[in-house]
Amino acid sequence: MLWPNPAVHLSQRRGERRPRIGGSTGPIVVDEPEILLETRRFRVVRRVERMPDGQTHARDVIEHPGAVGIVPVLDDGRICLVRNFRVAVDRWLVEIPAGTLEPGEDPVATAHRELAEETGYRAGRLAPLCQLLFSPGILHERMHLFVASNLSRGATHLDVGERVEPFIVDLDEAILMIERGEIEDAKTVAGLLYYDRWRRKSPAT
């Protein structure tokens, strides 16, 4: 089994020069947020940007504690996915197991918990894969993706109201499901493609 090193980006491994990330304008001052809505899992705030030229812009932002997604890899290389009914889109989606961080919780602990709750599998090894920002124009949620292996089977423990059904699929078939439009969930598309790319490109460690 190959495992990603989160400290080493793929472009660094190939010796490529990495592009500059920061913008070219001066500093932007953001005022303290005004709370517009607060719920159990997130809140909506209004933040005012004060630009270097003196202009101000109000931005409504969803603040979220963050989440994890897990690519569970069985000993034979197959992947455990879940069918998850999502009320927001009113239908079943195919996803990797995932869940929200509790306040102050280590993402590794969240990943272990959510993997066991949704699939019944316990991970003997959990390795960081990558981190994602899904919609930073309005949402500051950070998704931590992991690869889980050395899996042992146990019972699921779904939260009240959850409708989640685990199933096993070959990785190549999961990639084809993305190509056929059968997997639309962003974290699942990103997690499977990133894992597949890393698995093919990275040297064994």
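The values are calculated or read from the model by the stated rules, or taken from the named source; none is laboratory data. Given the structure is predicted, the values throughout are model-derived calculations rather than measurements. As a convention, Cβ positions derive from the backbone with ideal geometry for all residues, glycine included, and neighbour counts pool all protein chains shown.
Annotations
- The single condition among (1) part of a loop (DSSP other than H, G, I, E, B); (2) crowded, with 17+ Cβ neighbours inside 10 Å that residue 155 does not satisfy is (2).
- Take the conditions (1) in a strand (DSSP E or B); (2) within 19 Å of the chain's Cα centre (by Cα); (3) touching a residue at least 60 places away in the same chain (Cβ under 8 Å); residue 123 misses just one of them, which is (3).
- Which listed residue is at pLDDT 95 or above, among the acidic types (Asp, Glu), out of contact with any Ser or Thr (no Cβ under 8 Å at 6 or more places or on another chain) and more than 23 Å from residue 175 (Cα to Cα), from 106, 60: 106
- Residue in segment 106-121 that is outside the structural domain of residue 33 (by TED's automatic domain parsing), in contact with a helix residue (DSSP H, G or I) (Cβ under 8 Å, 6 or more places away or on another chain) and under 19 Å from residue 189 (Cβ atoms) present: no
- Single condition residue 134 does not satisfy, out of (1) closer than 22 Å to residue 78 by Cβ; (2) within 15 Å of the chain's Cα centre (by Cα): (1)
- Hits in segment 54-96 - residues which are over 15 Å from residue 186 (Cα atoms), in the same structural domain as residue 122 (by TED's automatic domain parsing) and exposed (fewer than 13 other Cβ atoms within 10 Å of the Cβ): 75, 76, 77, 87, 90, 91
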